[in-house]
Amino acid sequence: MQETLKVLLIDDHPLMRRGIKQLVELDDNFEVIADVGGGAEGISVALQTSPDLIILDLNMKGLSGLDTLKGLRAEGVDARIVILTVSDAKNDIFALMDAGADGYLLKDTEPDTLLEQLKAIAQGEVILSDSIKNLLLEREHCQDPMDSLTEREMDVLRLIATGLSNKQIAGQLFISEETVKVHIRNLLRKLNVHSRVAATVLYFEYNGR
């Protein structure tokens with residue numbers, strides 16, 4: 001029997017939260033453990049409950065979806081995080097994917113399709129609405145993926161390339177091992193590789209070695 005996946009909803013519209021909760025709970029694989037109306041509360045609940053999947057709105061009063069996402073990742077939350085929003089603005093999409101989102105879906109998606117996409121994201125896939133995918137593909141053609149890494153992700157990659165373990169990297173950067181794991185997962189996704197070795201090869205190519 002498949003283990004039930006714990007879901008946390010973060011959206012400042014009560015009606016939207018209720019609708020998403022009802023949709024998600026149509027699937028027996030999901031259990032909505034909490035639904036909250038703000039980013040700060042969402043981060044606190046995520047740290048207390050360790051959800052498997054977080055469904056996060058972008059445009060919220062108080063802490064924005066982007067700042068909430070950054071806060072979750074900074075705290076070492078390694079849940080799958082999907083952005084569910086009405087915005088298909090390029091800047092929003094790029095900023096959220098670069099900050100560690102595992103999916104970016106639009107609220108006008110058909111309910112059955114949305115549920116299937118959420119299941120795929122929970123199982124480890126990176127799922128994007130078609131229009132979002134096209135924008136990201138356009139950007140990839142114009143940009144070296146190494147340039148999309150944050151300064152801290154580049155620090156982690158540089159230390160990976162010297163052969164350090166996660167524990168050693170954590171010690172060097174004065175961060176937790178869990179945070180190191182989150183940075184590694186994000187940089188592997190951005191570089192579109194699946195191993196530390198492949199990322200190291202790209203790092204040396206980028207630096208002309």
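The values are calculated or read from the model by the stated rules, or taken from the named source; none is laboratory data. Since the model is a prediction, treat every value here as computed from it, not as a measurement. Glycine gets a Cβ as well: all are built from the backbone with ideal geometry, and neighbour counts include every protein chain shown. Protein only, heavy atoms only, side chains kept; ligands, DNA and RNA dropped before computing areas. Shrake-Rupley method; radii C 1.70, N 1.55, O 1.52, S 1.80 Å.
Counting Lys +1, Arg +1, Asp -1, Glu -1, what net charge surrounds Leu96 among other residues with beta carbon under 12 Å of its beta carbon?
On the way: positive: Lys70, Arg73, Lys90; negative: Asp57, Asp67, Asp88, Asp92, Asp98, Asp102.
Net local charge, Leu96 excluded: -3.
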Quiz item: Alpha carbon centre of the stretch 161-199 versus the stretch 44-118: separation in Å?
Solution: 22 Å
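Would you mind estimating how fast the stretch 96-209 diffuses translationally, via Stokes-Einstein at 20 °C and 1.002 mPa s with the Kirkwood radius over Cα pairs, in µm²/s?
On the way: Rh = 15.5 Å.
Here the translational diffusion coefficient equals 139 µm²/s.
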Quiz item: What Rg and what Dmax come out for the stretch 166-209 when only alpha-carbon atoms are used, in angstroms?
Solution: 11.3, 31
Practice problem: Could you check how much of the accessible area of the stretch 11-117 is carbon and sulfur, as a whole percent, using a 1.4 Å probe? | Solution: 48 percent
Quiz item: Computed FRET efficiency, Cβ-Cβ of Ala89 and Val193, R0 35 Å: what is it to the nearest 0.05?
Solution: 0.80
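Charges at C-beta only: +1 for Lys and Arg, -1 for Asp and Glu. How large is the resulting dipole of the chain about its Cα centre, in Debye rounded to 20?
Working: 22 positive and 34 negative charges, 139 e Å.
Charge dipole of the chain: 660 debye, to the nearest 20.
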Self-check item: Within the stretch 59-92, trypsin sites (Lys or Arg not before Pro) in DSSP loop having at most 12 other beta-carbon neighbours inside 10 Å
Solution: Lys61
Self-check item: the chain, Rg to Rh (Cα coordinates; Rh as Kirkwood inverse mean 1/r)
Solution: 0.97
Quiz item: Quick one: which of Lys21/Lys107; Lys21/Lys119; Lys6/Lys167 span more than 19 angstrom between C-alpha atoms?
Solution: Lys6/Lys167
Quiz item: Under a Cβ-Cβ cut-off of 12 Å, what is the net charge of the residues other than Ile33 that fall near it, where Lys and Arg count +1 and Asp and Glu count -1?
Solution: -2
Self-check item: Residue-count net charge about Glu178 - beta-carbon cut-off 13 Å; Lys, Arg +1, Asp, Glu -1
Solution: +1
Exercise. Working from the alpha-carbon coordinates of the stretch 21-140, get Rg over Rh, Rh being the Kirkwood radius.
Key: 0.93
